[in-house]
Amino acid sequence: MRIAFLAHVVLALALPVSAAQAPAATPPAAPATPATAPSTPGTTTAGAASPAPAPGDGYSYQTDGRRDPFQNLLGTGPELRATGKRADGAAGLSVAEVTVSGVLESRGGLIAMIQAPDRKSYIVHPGDRFLDGTIRSITPEGLTIVQEVNDPLSLVKQREIHKLLRSLESAKE
């Protein structure tokens, strides 16, 4: 009894799948052009089928606000970054790697001392670039950095990061 019930369930589920896989009806063949038709350039005969375009000719993808589905998602940034050697100094560091170790006043403006993961210190000014961002401003509390978001699915292309002095970060915790 149980086997008969399972057989009915399997058949009920399999029938719609096999019906969907049925081959589609072939379209009627195009009428053959007569062999005796004049082949003078510039003249066409009524009812004659136009020649099919060669593969790869005559088609271009219309984006209509969408991304190209055949374009690599990893190389869609404003500039392609080399995956090899990074730049020297602070320009070779990402925003997530740096910590602010000090803020100094110099010639009426503020500069900051940052520390890299390898414990090297660098002095940076407003407008200096990192690997994935730019320093917007330096305040007595720390840095304000505009980070470029390199996520193809994100609608936001830039975000503002506040890096506080290391002593202020430990006081917050």
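The values are calculated or read from the model by the stated rules, or taken from the named source; none is laboratory data. Owing to the predicted nature of the structure, the values given are computational and were not obtained by experimental measurement. Here the Cβ is made from the backbone with ideal geometry for all residues, glycine too, and neighbour counts use every protein chain on show.
Could we say that Arg136 is under 33 Å from the mean Cα position of the chain (by Cα) and within 17 Å of Gly89 (Cβ to Cβ) here? It is false that Arg136 is under 33 Å from the mean Cα position of the chain (by Cα) and within 17 Å of Gly89 (Cβ to Cβ). Screening Ala87 against (1) within 28 Å of the chain's Cα centre (by Cα); (2) in contact (Cβ under 8 Å) with a residue 24 or more places away in the chain; (3) surrounded by 15 or more Cβ atoms within 10 Å (Cβ to Cβ) leaves a single unmet condition, (3). Condition check: more than 31 Å from the chain's Cα centre (by Cα), surrounded by 13 or more Cβ atoms within 10 Å (Cβ to Cβ) and at pLDDT below 95. Does Glu97 satisfy that? Spelling it out, it is not the case that Glu97 is more than 31 Å from the chain's Cα centre (by Cα), surrounded by 13 or more Cβ atoms within 10 Å (Cβ to Cβ) and at pLDDT below 95. When the range 144-173 is filtered for residues that are of a type in the set (Lys, Arg) and at pLDDT 80 or above, the ones remaining, listed by number, are Lys157, Arg159, Lys163.
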